[in-house]
Amino acid sequence: MLAFSYALLVTIIQLAGAYIRYLPFSQIMERKEASALWRNMLIWSVFGLLINFSVTYSLGITMATYKLLFFFGMTPYLVISVIHIPHRLPQHLFVLGIQALYAFMLHSSSGIILTLIYSNMTAILLPLQLTLWIFLFLLIYPWGQKLFTSLLPDEQFVSDTRLRWYIAFLPISFYVGCLISISNVTFLPELSDRLSRLAIPLFFFIVYFIVHYNSSEEQQHKKLMENKERLTKQRESLKEHTKLMQENEKALSVLRHDMRHSYRLIYALLEKGDYDSIRNHIAAQKSLLEHTSENTK
């Protein structure tokens with residue numbers, strides 16, 4: 001029963017990691033694609049639960065089992081994500097590295113809490129540590145959701161192919177650095193040693209937040225400048241349009257004045273019966289109109 005409970009906790013944590021890695025891509029996925037992704041995730045989690053139970057039942061609840069399940073258990077979920085969200089391998093690697101550091105910090109934090117309570121960390125406390133991991137995950141989920149939803153770097157920032165791959169492997173390299181420091185250690189007995197485990201991922205997150213914030217501010221400033229330039233052009237266009245309307249209104253006023261004068265002249269000539277003058281006046285107006293039309297072409 002204990003082995004199954006342990007396997008179930010591991011499976012829940014693996015699904016939580018898969019969900020966190022899904023969040024950065026959730027904005028670009030259609031609902032049908034997301035449904036297919038999670039259907040396959042949940043189907044695999046059933047098999048994953050059986051595998052986790054078999055490994056735990058065979059090897060027991062030890063730190064070796066703990067590392068084995070978490071180091072390799074995420075691979076099937078990652079493969080499913082890559083299949084359903086194709087052509088974004090650098091982004092997948094980047095998100096994987098961030099999520100691994102995020103999970104590493106939760107594991108370290110839960111271990112620190114148990115060390116403070118029990119003064120020592122042993123394999124017996126591993127199920128309790130996993131339970132505490134899930135509790136901490138849910139506790140800081142609002143912050144984690146905000147972090148991972150806006151996690152991916154700006155497309156313009158990673159437009160260079162070589163730079164894109166450098167950025168993709170950066171968090172993974174930090175994660176590997178964390179693992180190397182504890183690869184030969186089963187349990188860290190001292191609280192100071194456990195606190196030092198948080199130094200590398202904390203440093204990375206601080207640096208990433210600063211870079212990401214500066215990049216976001218730069219993009220925001222660029223958008224504001226583009227909007228300002230567009231508004232300036234629109235204002236100049238409105239000025240030109242207003243000037244043209246005023247000129248047209250002035251020309252229309254002159255035209256109305258000339259037409260009233262022509263009407264009065266024709267009416268006066270009609271009263272006199274001077275039809276020749278009327279014909280000459282109309283011909284002159286027609287010639288003037290044709291001349292004006294040619295000049296405006």
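The values are calculated or read from the model by the stated rules, or taken from the named source; none is laboratory data. On a predicted model such as this, the values are computed, not experimentally measured, just so you know. All Cβ positions, even for glycine, are placed from backbone atoms using ideal geometry, and neighbour counts span all protein chains on display.
Laid out as a table, the results:
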| quantity | calculated |
| --- | --- |
| Residue under evaluation Q156, criteria (1) surrounded by 14 or more Cβ atoms within 10 Å (Cβ to Cβ); (2) at pLDDT below 65, criterion not met | (1) |
| Unique match (being out of contact with any strand residue (DSSP E or B) (no Cβ under 7 Å at 6 or more places or on another chain), surrounded by 14 or more Cβ atoms within 10 Å (Cβ to Cβ), at pLDDT 65 or above and assigned by the TED database to the domain that holds Y22) among L132, L138 | L132 |
| From the options S181, S192, residue that is exposed (fewer than 10 other Cβ atoms within 10 Å of the Cβ), modelled with pLDDT under 70 and part of a helix (DSSP H, G or I) | S192 |
| Test: Q27 is in a helix (DSSP H, G or I) and either touching a helix residue (DSSP H, G or I) at 6+ places or on another chain (Cβ under 6 Å) or buried (at least 17 other Cβ atoms within 10 Å of the Cβ) (or both) | no |
| Members of segment 104-155 that are under 23 Å from the mean Cα position of the chain (by Cα) and under 16 Å from L9 (Cβ atoms) | F137, L138 |
| Output for segment 61-87, where each listed residue is of a type outside the set (G, A, S), in contact (Cβ under 8 Å) with a residue 40 or more places away in the chain and within 14 Å of A103 (Cβ to Cβ) | Y66, L69, F70, M74, Y77, L78 |
| Answer residue from segment 59-86, given it is touching a helix residue (DSSP H, G or I) at 6+ places or on another chain (Cβ under 9 Å) and hydroxyl-bearing (S, T, Y) and is farthest from V10 (Cα to Cα) among those | S81 |
